[in-house]
Amino acid sequence: MPRWLLVILALLVVGLLGLGGLLLYTGTPPLEVMSLLASDAVVQLRPDMRPARRHGPRVLVVALDGVGADEFRDAVRSGDMPQVSALLGAALDSGGGLYEHGLAPQGVLSILPSTTYAAWTAVYTGAAVAESGVAGNEWFDRETMTFVAPAPVSVKGHGDAVRVYSDSLMHGWMAVPTLFERANVRSYVTLAAQYRGADLLVRPDAKSFAKLAASFTAGVVDGDKDWEMYSALDQAAIDQTLDAIDEYGLADLQVVYFPGVDLFTHVADSAMQAQQRYLTTVVDSAIGRLLDAYRSRGVLDSTYVLLVSDHGHTPTIADERHALGAGDEGEPEDVLKAAGFRVRPFELDTDDEAYQAVFAYQGAFAFVHLADRSTCPKAGDRCEWKAPPRFDEDVLEVVRRFDAAGRSGLGAERLEGAIDLIFARESRGVEPAGPFKVWNGDSLVSVGDYLAANPRPDLLDLEHRLEGLGVGRYGHRSGDVMLLSRYREQDPETQRYYFAARYRSWHGSPSRQDSEILFALARPASTGAELRAAMRAAIGEKPSQLDVTPLILRLLGK
Ligand SMILES: [Zn+2]
């Protein structure tokens, strides 16, 4: 068909169907339609927002980063979170999590790693890493040789952190549908990175967010940090959210994300007490302002309010002995260099394409990606990253070296006593990955067999959660070898090590303290017992982080 005829046909189709119709007609969704609304902070994500439903329940999700189940319960019990206490009503039992108008079941676990980007993606998709494609705060994709760091840990460059809001960075990396796409109701998202499919986004001010990201990525460099910078981010987002509600009305599904509480806990002196103070001083009143927006419109009673977090926090020491990724001597990189590997520089973007190994850090976990070194033996050779590394010469070689380093400091003195477990597997390159096995000092054995011989009740639901991390289409993004640092709740702070720059608190591990998340449902017009029945009907007796999306869909009547 001649080109002029195509053009005329295309114009006819646009004329008949309108632009939205053309997008439907061609099957191409309006991917990046971001138009500014009231200010730079409020962005409309679709050409036309979905109309709000006339009937049907609303859901308000309050997403608190880094707030563990215990810490939240303690803060509420202290009486210093009056807004949240009033929402839940009186506690009806001593430990079951039942309230007059709410329910906070215990023992709800995050996915692995218990690290922000992977865990929130699980919240907003219902999928763990190997399926969602989002492996942690940073990860390496061997299919495209891309290093992605929306929340940089091993690298300092914070360009991806900014691109989360300026270029919808996560849209391209999430391999499964989001809550907002599946719910298909009018949805507003404040600050959450996984907003693909929503109608409206409240994002941070670009300049101050870049400043904050740069400062946070540097870790604890001097003295105590106050929370001004972090609470300013949270407060500004609430202001913008309330303005957006005033201007465009309430959404059927509203997500409000509070990143400040996690960022502050990482750097604050006496991290856990500092977190409590942040919750009672900053977060509670902010939640109160949100609830007022619903109350003043007469719909708070019938709104489901879901409070949820991504992971907990475990305090540690902010010095170079405990921080295994601060760029000092004797760190994991040295082990691979001693084994002859060319390691990718710890930079977000690099001109060096001749690396044979890549680290991605997640606090308690380090992912180690290996190339088949026989495809790139000479300095300057680019490796065939789509192919798997060799099992003996590459994978097992690295496992043995890290085992020796963990036992005696051989090759990297600061690793002595700092490694808890080493996981590895027969890699399949970019094909769907199989399960991780554990190194028992002599060979790789299945996680089940290892735990039968070496019980580790402190590592909760380890086998099952490792499967979600490793087994599937994108399982390769968690590495060929995976290190778990010694980061045990039962140890003193002085014996907790982490893969990151210097911080006062971290997370990522399978421990209870890192993994038990806030998961509380409230609705003023319902009793706690009614909510419990509704939750059981929707997601069963034993919810996990992967049940947040299914629960919200059910509450919305989807
Ligand atoms: Zn987090």
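Take the stretch 294-319 and flag every residue that is open to solvent by less than 10 Å² (accessible area, probe 1.4 Å), of a type outside the set (V, I, T) and more than 16 Å from the ligand (Cβ to nearest atom).
Scanning the stretch 294-319 gives Y294, L306.
Anything in the stretch 138-159 that is outside any loop (DSSP other than H, G, I, E, B), surrounded by fewer than 23 Cβ atoms within 10 Å (Cβ to Cβ) and touching a helix residue (DSSP H, G or I) at 6+ places or on another chain (Cβ under 8 Å)? List them, or say none.
D141 - this is the single residue of the stretch 138-159 that is outside any loop (DSSP other than H, G, I, E, B), surrounded by fewer than 23 Cβ atoms within 10 Å (Cβ to Cβ) and touching a helix residue (DSSP H, G or I) at 6+ places or on another chain (Cβ under 8 Å).
Just one of D226, D239, D234, D246 is among the acidic types (D, E), part of a helix (DSSP H, G or I) and closer than 28 Å to T316 by Cα; which is it?
That would be D234, the only listed residue that is among the acidic types (D, E), part of a helix (DSSP H, G or I) and closer than 28 Å to T316 by Cα.
Would you mind stating whether E247 is closer than 21 Å to Y195 by Cα and over 23 Å from the mean Cα position of the chain (by Cα)?
Against the criterion (closer than 21 Å to Y195 by Cα and over 23 Å from the mean Cα position of the chain (by Cα)), E247 qualifies.
Restricting attention to the stretch 405-415, does a residue exist that is closer than 23 Å to D141 by Cβ and either among the aliphatic types (A, V, I, L, M) or not in a helix (DSSP H, G or I) (or both)?
The answer is no; no qualifying residue exists.
For the stretch 68-86, which residues satisfy the criterion of being within 23 Å of D292 (Cα to Cα) and either of a type in the set (D, E) or buried (at least 19 other Cβ atoms within 10 Å of the Cβ) (or both)?
F72, A75, V76, D80, M81, V84, S85, listed by residue number.
Condition (residue is within 16 Å of the ligand (Cβ to nearest atom), open to solvent by 20 Å² or more (accessible area, probe 1.4 Å), more than 26 Å from P389 (Cβ to Cβ) and touching a Pro at 6+ places or on another chain (Cβ under 7 Å)) applied to the stretch 495-505: is it met by at least one residue?
There is at least one residue in the stretch 495-505 that is within 16 Å of the ligand (Cβ to nearest atom), open to solvent by 20 Å² or more (accessible area, probe 1.4 Å), more than 26 Å from P389 (Cβ to Cβ) and touching a Pro at 6+ places or on another chain (Cβ under 7 Å).
How many residues, within the stretch 102-125, are buried (at least 24 other Cβ atoms within 10 Å of the Cβ) and either on the phi > 0 side of the Ramachandran plot or not hydroxyl-bearing (S, T, Y) (or both)?
11
Of Y294, Y257, which residue is more than 22 Å from the chain's Cα centre (by Cα) and not in a loop (DSSP other than H, G, I, E, B)?
Y294
Would you confirm whether or not the stretch 367-386 contains a residue that is away from the ligand (no atom under 16 Å from the Cβ), touching a residue at least 60 places away in the same chain (Cβ under 8 Å), open to solvent by 10 Å² or more (accessible area, probe 1.4 Å) and not acidic (D, E)?
yes
Considering only residues that are of a type in the set (A, V, I, L, M), under 20 Å from the mean Cα position of the chain (by Cα) and at pLDDT 95 or above, which ones fall in the stretch 181-219? Write out each step before concluding.
Step one: filter the stretch 181-219 for residues of a type in the set (A, V, I, L, M), giving 183, 185, 189, 191-193, 198, 200-202, 206, 210, 212-214, 218.
Next, from what is left, pick out any that are under 20 Å from the mean Cα position of the chain (by Cα): 189, 191-193, 198, 201-202, 210, 212-214, 218.
Across the stretch 181-219, the qualifying residues are V189, L191, A192, A193, A198, L201, V202.
When both residues are 6+ apart or on different chains and their Cβ atoms are under 7 Å apart, which pairs have a first residue that lies in the stretch 150-174 and is basic (K, R), and a second that is surrounded by 18 or more Cβ atoms within 10 Å (Cβ to Cβ)?
Matching pairs, first to second residue: K156/T217; R163/L169.
Here is a list of conditions, (1) open to solvent by 50 Å² or more (accessible area, probe 1.4 Å); (2) assigned to a loop (DSSP other than H, G, I, E, B); (3) among the small types (G, A, S), and G219 meets all of them except one; can you say which number that is?
Condition not satisfied by G219: (1).
So, in the stretch 320-350, how many residues would count as being assigned to a loop (DSSP other than H, G, I, E, B), of a type in the set (D, E) and within 23 Å of H158 (Cβ to Cβ)?
So the count comes out to 5.
Kindly list the number of the only condition in (1) away from the ligand (no atom under 16 Å from the Cβ); (2) of a type outside the set (V, I, T); (3) in contact with a Ser or Thr (Cβ under 7 Å, 6 or more places away or on another chain) that fails for D141.
Condition not satisfied by D141: (3).
Of the residues in the stretch 355-384, how many are part of a loop (DSSP other than H, G, I, E, B), closer than 21 Å to R428 by Cα and out of contact with any strand residue (DSSP E or B) (no Cβ under 8 Å at 6 or more places or on another chain)?
Adding up the residues that qualify gives 6.
Please note which helices (runs of 4 or more DSSP H) are completely contained in the stretch 1-109 and include at least 1 residues that are of a type outside the set (S, T, Y) and either at pLDDT 95 or above or within 16 Å of the ligand (Cβ to nearest atom) (or both).
69-77, 82-88
Restricted to the stretch 460-472, and to residues that are in contact (Cβ under 8 Å) with a residue 24 or more places away in the chain and out of contact with any strand residue (DSSP E or B) (no Cβ under 8 Å at 6 or more places or on another chain), which residue is surrounded by the most Cβ atoms within 10 Å (Cβ to Cβ)?
First, the residues of the stretch 460-472 that are in contact (Cβ under 8 Å) with a residue 24 or more places away in the chain: 460-462, 465-472.
Remaining after also requiring out of contact with any strand residue (DSSP E or B) (no Cβ under 8 Å at 6 or more places or on another chain): 462, 467-469.
Working: L462: 20, E467: 18, G468: 23, L469: 28.
Across the stretch 460-472, the extreme among qualifying residues is L469.
The values are calculated or read from the model by the stated rules, or taken from the named source; none is laboratory data. This structure is a prediction, so every number in the text was calculated from the model and none was measured. Backbone-built Cβ (ideal geometry, glycine too); neighbour counts: all protein chains shown. Just so you know, the surface numbers come from the protein's heavy atoms only, side chains and all, with ligands and any DNA or RNA stripped out. Shrake-Rupley method; radii C 1.70, N 1.55, O 1.52, S 1.80 Å.
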